[in-house]
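Asker: Please read through the structure below; I'll follow up with questions.
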Amino acid sequence: MARAGSGATSKAEVLAFLKAEQDPRGIASWKKLQGRSGGLRSYGLGLTRLRSYAKGLGKDPELARRLWATGVYDAKVIALLIDDPKRMTIEQAEVQVQELDGGHLAHVFSSCGAPLAKTPFVVELIDRWIESRDRVRRSCGYGLLYEVSKSKKKSAPDEASFLGYIALIDQRHSRESTGVRMSMAGALLGIGKRTKALNRAALRVAKKIGPIDFDPSGKCDPFDAAGHLTSDYLKRKLGL
């Protein structure tokens with residue numbers, strides 16, 4: 001498989017792979033997303049399969065740009081996975097977030113180990129997007145906050161900064177849509193895994209938010225950040 005910069009893998013080859021590997025059950029599930037599809041079509045491949053394929057491609061920003069320009073969800077996911085955080089720009093992020101159209105792709109764009117979270121400007125982007133009037137940007141901002149909460153780098157926010165984000169979520173969660181509250185709860189979960197003090201603060205707000213019933217079909221249980229923040233694993237890890 002081609003590595004970064006080799007130019008040996010084309011957009012056509014990636015699309016041919018997706019077509020050959022298409023999953024009928026995944027396609028059927030995609031068609032049920034309705035408004036969350038963002039107007040994209042899908043070959044129904046799961047994220048694990050797409051990650052495996054993208055890993056073989058390596059980092060390839062040029063191919064990522066070409067795949068992002070398609071109307072195929074799976075191709076856009078691969079585009080996100082093979083992009084290079086060292087070459088991404090805030091301007092690029094702003095263009096891409098505008099094109100998400102509130103669809104399912106927003107979650108992969110800002111969470112799931114998104115390369116965007118590894119850029120040197122990610123904290124600046126978080127602060128910009130959580131203050132945005134645009135719901136999709138706010139959701140992505142909190143998604144990136146979750147990703148940054150997992151970072152052990154010195155460039156990550158300090159404890160005081162994370163406490164500030166928790167306070168902001170506390171002030172605003174009741175006015176947000178289900179999607180944004182899900183991202184907020186995810187951020188609380190990530191932050192609350194860092195230290196005892198952050199766990200206590202995040203748990204207090206997570207209890208206020210309560211379980212979030214995000215699946216209209218009823219197939220998934222409500223997301224309860226408070227339950228995760230009081231797990232036996234975290235108690236052992238943080239010495240709670």
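Asker: Go through (1) assigned to a loop (DSSP other than H, G, I, E, B); (2) within 26 Å of Leu50 (Cα to Cα) for Ser139 and report which single condition fails.
Answerer: In the conditions (1) assigned to a loop (DSSP other than H, G, I, E, B); (2) within 26 Å of Leu50 (Cα to Cα), Ser139 misses (1) alone.
Asker: Applying the selection to the stretch 47-57, what residues are surrounded by 14 or more Cβ atoms within 10 Å (Cβ to Cβ) and either of a type in the set (Gly, Ala, Ser) or on the phi > 0 side of the Ramachandran plot (or both)?
Answerer: Passing the criteria: only Ala54.
Asker: Being small (Gly, Ala, Ser) and either modelled with pLDDT of 95 or more or under 22 Å from Thr119 (Cα atoms) (or both) is true for just one of Gly35, Gly39, Gly102, Gly58. Which residue is that?
Answerer: Going through Gly35, Gly39, Gly102, Gly58 in turn, just one is small (Gly, Ala, Ser) and either modelled with pLDDT of 95 or more or under 22 Å from Thr119 (Cα atoms) (or both): Gly58.
Asker: Continuing with this model, one more query. Here is a list of conditions, (1) over 23 Å from Ala93 (Cβ atoms); (2) of a type outside the set (D, E, K, R); (3) at pLDDT 95 or above, and Gly218 meets all of them except one; can you say which number that is?
Answerer: Only one criterion in (1) over 23 Å from Ala93 (Cβ atoms); (2) of a type outside the set (D, E, K, R); (3) at pLDDT 95 or above is unmet by Gly218, namely (3).
Asker: Follow-up. Filter the stretch 150-190 down to the residues that are more than 24 Å from Asp215 (Cβ to Cβ) and assigned to a helix (DSSP H, G or I) and list them by number.
Answerer: Glu159, Ala160, Ser161, Phe162, Leu163, Gly164, Tyr165, Ile166, Ala167, Leu168, Asp170, Gln171
Asker: Output the qualifying pairs, or none if there are none: Cβ atoms under 7 angstrom, residues six or more apart or on different chains, first residue in the stretch 53-64 and within 9 Å of Leu81 (Cα to Cα), second residue surrounded by fewer than 18 Cβ atoms within 10 Å (Cβ to Cβ) and of a type in the set (Asp, Glu).
Answerer: Lys59/Asp84
Asker: Sticking with this structure for a sec: Among the residues of the stretch 140-156, which ones are surrounded by 15 or more Cβ atoms within 10 Å (Cβ to Cβ) and modelled with pLDDT under 95?
Answerer: Ser151, Ala156
Asker: Separate question: Considering each of Ala201, Ala225, Ala160 in turn, give the residue that is among the aliphatic types (A, V, I, L, M) and without any contact (Cβ under 8 Å) to a residue 12 or more places away in the chain.
Answerer: Exactly one residue qualifies, and that residue is Ala160.
Asker: Please go through the stretch 58-96 and give me each residue that is buried (at least 22 other Cβ atoms within 10 Å of the Cβ) and not in a helix (DSSP H, G or I), ordered by number.
Answerer: Asp60, Asp83
Asker: Considering each of Arg200, Arg194 in turn, give the residue that is surrounded by 12 or more Cβ atoms within 10 Å (Cβ to Cβ) and assigned to a loop (DSSP other than H, G, I, E, B).
Answerer: Being surrounded by 12 or more Cβ atoms within 10 Å (Cβ to Cβ) and assigned to a loop (DSSP other than H, G, I, E, B) holds for just one of Arg200, Arg194, which is Arg194.
Asker: Can you tell which of Leu125, Leu198 is in contact with an Asp or Glu (Cβ under 7 Å, 6 or more places away or on another chain) and either farther than 30 Å from Ile78 by Cα or modelled with pLDDT of 95 or more (or both)?
Answerer: Selected residue: Leu198, the only one of Leu125, Leu198 that is in contact with an Asp or Glu (Cβ under 7 Å, 6 or more places away or on another chain) and either farther than 30 Å from Ile78 by Cα or modelled with pLDDT of 95 or more (or both).
The values are calculated or read from the model by the stated rules, or taken from the named source; none is laboratory data. The structure presented is a predicted model; accordingly, all values stated were derived computationally and were not measured. Quick reminder, even Gly has a Cβ in these numbers, built from the backbone with ideal geometry, and neighbours come from all protein chains shown.
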